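Down below is the structure, laid out as structure tokens.
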Amino acid sequence: MSTNIRPLLSALRRNPTGALLVAVQVAITLAVLVNAAWIVAQRIEKIEQPTGIDTRDTFEIDILGLSKRFEVAQAESEDLAYLRGLPGVVTATATLGTPLTLNGGDTDLARSPGTDAPSLPANFLEVGDQGLRALEVPLVAGRNFRAGEIRPAGKHTPISEVIITRSLARALFAHGNALGQAVYEDNNDPLTIIGITRDFMGPQLGAPAYNTVLLPEMPGEGGFYGLLVRARPGMRATVLREAKEHIGASHRHAVIAETMTLTSAKRQFEANNRNMAIFLTSVTALMVAVCCLGIFGLTTFNVSSRTRQIGTRRALGARKRDVVRHFMLENSLILAAGALPGAVLALAVGNWLTARYGLPRLDLAYLAGGIVVLWGTGLLAAWQPARRAAGIPPSVATRTI
């Protein structure tokens, strides 16, 4: 049997709709497969990355005011003084947000002002001058916030200094020193980088894991604030119990909304990433299976509708392997027709994910691997119908003439 391209194209033209639909299915499946595999790899990497903070001895207590009579600034000051005075506490800071959770804020930082300036997504925590010590995060350059630089609760004076992580500093200033440089929040407000810390994970709201910004602010908007407390080793449970009892009883117009240890926050963070990886893997495997079923169905239909032609060619001397080769090459053409636009679609989706969610740019090795995987599974799906076609005896096939 001839295996040049012309008879293959001629055979496909007899049923162009089926071949076109399968090619479109291949393209969509390839785009989903490649980007899902890349996202799963990022999720697994997040689970394996060190958090960079003390999760073993640190906890947070969230306070929620119940009426306008609740004096947030005074309550914060009293709570911090009490906590820092406990013998089992290393330090404490007021904050709005919890590391490793979705509780926090995110922003965009750019090197220059203006809406057209390229920016990077970052997650932020509002902390006091004891924030770094509470997180047990050391500075690698610059200095910490001073007490006079912390914006009081309820005030709306501009913030002009920030501390950022080393990874974010390198992303913003790849060819220079970030310390002392100005960055622009949401491309408008200038912020001077006064310190650079070791990489650590703040709130995880979609930005890269280590893209964290610390803002010098005592929270309290809406009567809500958090207390991030680092206890001495082995003292966390005792300190947490005492703090809950004292703080719960000391505020007449507020309640403890939630308490959370960073150990449980880390477990939940890992579980969320693991569940997302499992979900994406399952959905992608299902799409690949459906795509293979489409290829299998198209090949089975082509074999059934070409029984007379197959028998005629077998009678003229075509071998079984020639019949198998014909259908395998035909499906290779369909897979190639879907893989080309699928690769373009995969790159487009990858670039959108990078621009929208700050994911690393799609690794082309994943694109190449996705093409190989989909091509291999597609040919395997076509193998059984092709073998069935090769097994048709010429005498049976020619009876239909």
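The values are calculated or read from the model by the stated rules, or taken from the named source; none is laboratory data. Being a predicted model, the structure only gives us computed values, none of them experimental. Please note: Cβ atoms are built from the backbone with ideal geometry, for glycine as well, and neighbour counts cover all protein chains shown.
Exactly one residue out of Thr17, Thr58 is outside the structural domain of Gly234 (by TED's automatic domain parsing) and crowded, with 21+ Cβ neighbours inside 10 Å: that is Thr58. Condition (residue is outside the structural domain of Leu168 (by TED's automatic domain parsing), closer than 18 Å to Cys292 by Cβ and aliphatic (A, V, I, L, M)) applied to the stretch 341-363: is it met by at least one residue? No, that holds for no residue. Would you mind telling me which numbered condition in (1) at pLDDT 95 or above; (2) in the same structural domain as Ser167 (by TED's automatic domain parsing); (3) surrounded by fewer than 20 Cβ atoms within 10 Å (Cβ to Cβ) Gly222 fails? Here Gly222 clears every test but (1). Annotation note: of Ile39, Ile53, Ile44, Ile28, the sole residue that is outside any helix (DSSP H, G or I) and among the β-branched types (Val, Ile, Thr) is Ile53. Quick check: anything in the stretch 75-85 more than 25 Å from Pro360 (Cβ to Cβ) and assigned to a loop (DSSP other than H, G, I, E, B)? Checked against the condition, which is being more than 25 Å from Pro360 (Cβ to Cβ) and assigned to a loop (DSSP other than H, G, I, E, B), the stretch 75-85 yields no hits at all. Assessment of the stretch 198-208 against the conditions (in a strand (DSSP E or B) and surrounded by 23 or more Cβ atoms within 10 Å (Cβ to Cβ)) yields no matching residue.
Considering only residues in the stretch 117-133 that are part of a loop (DSSP other than H, G, I, E, B) and more than 25 Å from Glu221 (Cβ to Cβ), the one that is modelled with the lowest pLDDT turns out to be Ala117.
Of all the listed residues (Gly148, Gly114), the sole one being assigned to a loop (DSSP other than H, G, I, E, B), over 30 Å from Val288 (Cα atoms), out of contact with any helix residue (DSSP H, G or I) (no Cβ under 6 Å at 6 or more places or on another chain) and small (Gly, Ala, Ser) is Gly114. Residues that are in contact with a Pro (Cβ under 9 Å, 6 or more places away or on another chain), farther than 17 Å from Leu298 by Cβ and touching a residue at least 60 places away in the same chain (Cβ under 8 Å) within the stretch 326-358 comprise Tyr357, Gly358, listed in sequence order. Scanning the stretch 76-94 for residues that are more than 16 Å from Asp54 (Cα to Cα) and surrounded by 20 or more Cβ atoms within 10 Å (Cβ to Cβ) yields Glu76, Asp79, Leu83, Ala94. Would you be able to say whether some residue in the stretch 125-139 is loosely packed, with under 15 Cβ neighbours inside 10 Å and among the charged types (D, E, K, R)? No, the conditions are met nowhere in the stretch 125-139. Residues in the stretch 183-221 that are without any contact (Cβ under 8 Å) to a residue 40 or more places away in the chain and more than 28 Å from the chain's Cα centre (by Cα): Thr192 alone.
Per the listing Ala174, Ala169, the residue uniquely out of contact with any strand residue (DSSP E or B) (no Cβ under 6 Å at 6 or more places or on another chain) and either in a strand (DSSP E or B) or of a type in the set (A, V, I, L, M, F, W, C) (or both) is Ala174. Evaluation of Asp186 against the conditions (1) in contact with a helix residue (DSSP H, G or I) (Cβ under 8 Å, 6 or more places away or on another chain); (2) surrounded by fewer than 14 Cβ atoms within 10 Å (Cβ to Cβ); (3) closer than 24 Å to Leu102 by Cβ shows that the sole unmet condition is (1). For the stretch 279-286, the condition of being under 21 Å from the mean Cα position of the chain (by Cα), farther than 30 Å from Leu120 by Cα, surrounded by fewer than 18 Cβ atoms within 10 Å (Cβ to Cβ) and aliphatic (A, V, I, L, M) holds for at least one residue.
Please find, within the stretch 228-268, the residue that is nearest to Arg69 (Cα to Cα) out of those that are part of a helix (DSSP H, G or I), of a type in the set (S, T, N, Q) and touching a residue at least 24 places away in the same chain (Cβ under 8 Å). Looking at residues that are part of a helix (DSSP H, G or I), of a type in the set (S, T, N, Q) and touching a residue at least 24 places away in the same chain (Cβ under 8 Å), I get Ser250.
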